[in-house]
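One structure is given below, encoded as structure tokens.
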Amino acid sequence: MSNIFTTNGAERILSDKAFLVSETDEKGIIVFANDDFCSIADYRVEELIGKPHNIVRHPDMPRAAFKDLWDTVKTGKTWTGFVKNKTSSGNQYYWVYATVYPIMREGRRHYISCRRKPTADEIESAIALYKTL
Amino acid sequence: MFGIKSTDLHLLEAMINDLFDIAEGRRNRYRYAKSTFNDSKMDKIALLINQRLSAMTEAKQKDMLAMGELILALDQMKSGVFKPTSIEGYGSEVSVIASSFSAFSLLLSQRFDEIVKILSAYSANDFTGRIDRGNLHGEMASLIDGVNKLATEITHMLSTSLQNGLNLQNEASSLRLAMDQLSNASNEQAANLEETAAAMEEMTSNVQQNAQKANDMARMASQTDESAKQGARLANRTSSAMTEIQEATQSINNAVAIIENIAFQTNILSLNAAVEAATAGEAGKGFAVVAQEVRNLANRSADAAKEIKALAEQAASKSNEGMSIANELTRGFEVIAEKIEQTTMLVQDVSNASREQMQGIGQINTAVTQLDQMTQENAKIAANVSETSREIQELSDEIYREIETKQFVGKSEILRH
């Protein structure tokens, strides 16, 4: 699991092969999370299941970004974006490039979020963008 | 190079790098979607790149969703969740993996469903079901075989247990019946023994009274014997007194004979005197009167002697009678003595018999007491065993009830027998 990310001060930098996946119900309550997500966010899967996905939301993230996310996926479209998340202790953070899919699971709206590593310049652009929001 | 301006060349290079980075998954966003070339002819390339990139991004997003679902499903499998997952790819390599995984997860979940259903039937005590192995091989086949074998083993165990339970139930029922009978018999025996003991007590008192009476009888017999002996002695004395009376009577007779003889001679002499007197005449007249007087006296003596003789004869006859009575009395007392002796012996026999009876009764009493103790002990043991047999019965009923709730092949055959 240590090869999923490297640590640089308070930042955890995802490796190229890191692939964070989680599934939530239509209200954003986590129904499952994969091992990469758990190890980077410092949670056990049973700690995450049943919690709202914003449990990993970093305070630096602007509300507008999530409004955009929800506005997009609620219309059935896929949302992509750069997100700063915090670990369970709140002392560390990590950046991801998230792709959030609205899907149907047994007749109900669910969301699957897939996160990959963002490049340094992508993070910089995101930071710059979020400062304006 | 081909007359391209260096700024346009740099932009093109940057575009191509971003494109490949995105294609290789090392970059997420294309930075030059809005960039334009100085040479407007080259904007066609930019447009083409934008078009193709948007198609590729869409395909990559779909593949990523497929990957995401695949990874979620696999991680769930790692945690033990085997749900059928239908994942669609975008006609890429990922779609091949996705459809293969979908088929795999469907088959696996169906198999697990089947096994879980059977196992939950087993845990609900229904062991009749078996899993069809179909054309499976390897570990899954071993798992199914194992579950089926487990059910067969459990069925075998349950059959044996049910059979044992039924046998035990029968045996316990017989045992209980026997113990109830034994218990009743013991109680009855105890009651009988109590009656026997009471009867023995009564008998003891009777025998003691008998012995007492025999003693009284012996004492009375001895007193009677004494009285009879006294009687015999008195009879003997009576007899000898009678003999003496007879002897005295004989003496009286002898004396009377002498008196008669003297009277006769006196009479003769008086006659002679009268004759002499008559001869003597007047002178003899006084003498004749005296002679007459003598003669009268002699006659009176003879009469008195006759009377005495008659009385003596009467006395002799009475004493003879008395003697024979005394003799009869003596014989009678002898008979009485004999009878008393016999009676005494009989009483002695009765007394001895009573003593022996007392000993016998004592032994019987001891035996009855022992019997009573044994019977009480028996009754106690019978009650205990009865209780135990009741417990066995309950246990066997419980075993039967327990197994009765379970369904397994061959159960109805066992129950029918």
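Order by neighbour count: A:93, A:111, fewest other Cβ atoms within 10 Å first, most last. It would help to have the intermediate numbers written out before the result.
Values: A:93 17, A:111 23.
Final ranking by Cβ density, sparse to dense: A:93, A:111.
Stick to the Cα atoms of segment B:189-386, pair each with every other, and give me the Kirkwood hydrodynamic radius in Å at one decimal. Display every interim value, and only then the final one.
Numbers: mean 1/r = 0.0401 Å⁻¹.
One decimal place: 24.9 Å for the Kirkwood radius.
Count the net charge of all other residues whose Cβ sits under 11 Å from the Cβ of residue A:83, scoring Lys and Arg as +1 and Asp and Glu as -1.
With Lys, Arg at +1 and Asp, Glu at -1, the net is +3.
What FRET efficiency, computed as 1/(1 + (r/R0)^6) with R0 = 35 Å and r the Cβ-Cβ distance, is obtained for residue B:398 and residue B:184, rounded to the nearest 0.05?
Details: r = 27 Å, r/R0 = 0.76.
The calculated FRET efficiency here is 0.85.
Estimate the FRET efficiency between residue B:313 and residue B:276 by the formula 1/(1 + (r/R0)^6), using the beta-carbon distance for r and 30 Å for R0, to the nearest 0.05. Before the final figure, lay out each step's value.
Numbers: r = 38 Å, r/R0 = 1.25.
Here the calculated transfer efficiency is 0.20.
On C-alpha positions alone, give me the angle between the axis of helix B:93-123 and the longest principal axis of chain B, in degrees, nearest 10.
With both axes taken from Cα atoms, the answer is about 10 degrees.
Run the quick spin-label model on residue B:348 and residue B:40: label points 7 Å from Cα toward the beta carbon, then report their separation in nm to one decimal.
17.6
I'd like the antiparallel share, as a percent to the nearest 5, of DSSP beta bridges with both residues in chain A.
Working: 32 of 34 bridges.
That works out to approximately 95 percent antiparallel.
Label points 7 Å out from Cα along the Cβ direction at residue A:132 and residue B:264: separation in nm?
21.8
Calculate log10 I(q)/I(0) of the protein assembly as shown for q = 0.05, 0.07, 0.08, 0.09 Å⁻¹, where I(q) comes from the Debye formula with a single equal point scatterer on each Cα and nothing for solvent.
Normalising to I(0) and taking log10 leaves -0.61, -0.78, -0.87, -0.95.
If you place +1 on the Cβ of every Lys and Arg and -1 on the Cβ of every Asp and Glu, how big does the dipole about the Cα centre of chain B come out, in debye to the nearest 20? List each step's numbers first, then the result.
On the way: 39 positive and 56 negative charges, 408 e Å.
Value, rounded to 20: 1960 debye.
Using a/c under 1.5 as the rounded threshold, could you call chain A rounded, prolate or oblate? The axes a ≥ b ≥ c are square roots of the C-alpha gyration tensor eigenvalues, and prolate needs a/b larger than b/c, oblate otherwise. Mind dumping the intermediate values first?
On the way: a/c = 1.71, a/b = 1.19, b/c = 1.43.
It comes out oblate by the Cα gyration axes.
Please arrange B:47, B:150, B:166 by counting, for each residue, the other beta carbons lying within 10 Å of its beta carbon, fewest first. Show your work: numbers first, answer last.
On the way: B:47 10, B:150 14, B:166 17.
Fewest-to-most Cβ neighbours within 10 Å comes out as B:47, B:150, B:166.
Running a GNM on chain B with Cα contacts under 10 Å, which residue among B:260, B:404, B:391 ends up with the highest mean-square fluctuation?
Maximum fluctuation in the GNM of chain B, among the listed residues, is at B:260.
Given only helices, namely DSSP H runs of n ≥ 4 each adding -39500 (n - 2.57), what is the per-residue ellipticity at 222 nm of chain A, to the nearest 500 deg cm²/dmol?
Details: 4 runs with 36 residues, N = 133.
The helix contribution divided over chain A gives -7500 deg cm²/dmol.
What share of the DSSP beta bridges in the protein assembly as shown is antiparallel, in percent to the nearest 5? Display every interim value, and only then the final one.
On the way: 32 of 35 bridges.
Here the share of antiparallel DSSP bridges comes out near 90 percent.
Which links in A:84/B:62; A:17/A:86; A:86/B:78; B:5/B:62; B:34/B:62; A:77/B:41 stretch past 30 Å when you go from one Cα to the other?
Checking Cα-Cα distances, B:5/B:62; A:77/B:41 exceed 30 Å.
Return the ratio Rg/(2.2 N^0.38 Å) for chain B, where Rg is computed over Cα atoms only. List each step's numbers first, then the result.
Numbers: Rg = 76.8 Å, N = 417, 2.2 N^0.38 = 21.8 Å.
Chain B yields a ratio of 3.53.
Efficiency by 1/(1 + (r/R0)^6): what FRET value for residue B:369 and residue B:338, r their Cβ-Cβ distance, R0 = 51 Å, to the nearest 0.05?
0.65
Under a GNM of chain B (C-alpha, springs under 10 Å), which listed residue has the highest mean-square fluctuation: B:170, B:135, B:184?
Its mean-square fluctuation being the largest, the pick is B:135.
Let me make sure I get this right: for segment B:6-124, a, b and c are the square roots of the gyration tensor eigenvalues over alpha carbons, sorted descending. Under 1.5 in a/c it's rounded, otherwise prolate if a/b > b/c, else oblate. Which is it? Before the final figure, lay out each step's value.
Working: a/c = 5.96, a/b = 4.23, b/c = 1.41.
Prolate, since a/c reaches 1.5 and a/b exceeds b/c.
Run the count for segment B:189-386, please: Lys pairs, Cα-Cα under 28 angstrom, 8 or more apart or on different chains. Intermediate results must be reported in sequence, preceding the final value.
On the way: B:213/B:229; B:213/B:339; B:229/B:318; B:229/B:339; B:306/B:318; B:309/B:318.
So the count works out to 6.
Please report the relative contact order for chain A, taking Cα pairs under 8 Å with a sequence separation of at least 6, and give it as a percent rounded to a whole number.
On the way: 244 pairs, mean separation 34.9, N = 133.
So the answer I get is 26 percent.
Could you identify which residue out of B:11, B:193, B:136 has the top mean-square fluctuation in a GNM of chain B using Cα springs shorter than 10 Å?
B:11
Tilt of helix B:6-24 relative to the longest C-alpha principal axis of chain B, in degrees (0 to 90, nearest 10)?
Once rounded, one gets 20 degrees.
Nearest 10 degrees is fine. How inclined is helix B:43-78 to the longest principal axis of chain B, computing both from alpha carbons?
10
Readers should treat all values here as calculations from the given coordinates under stated rules, not as data from a laboratory. Given the structure is predicted, the values throughout are model-derived calculations rather than measurements. Note: ideal-geometry Cβ built from the backbone for every residue, glycine included; neighbour counts use all protein chains shown.
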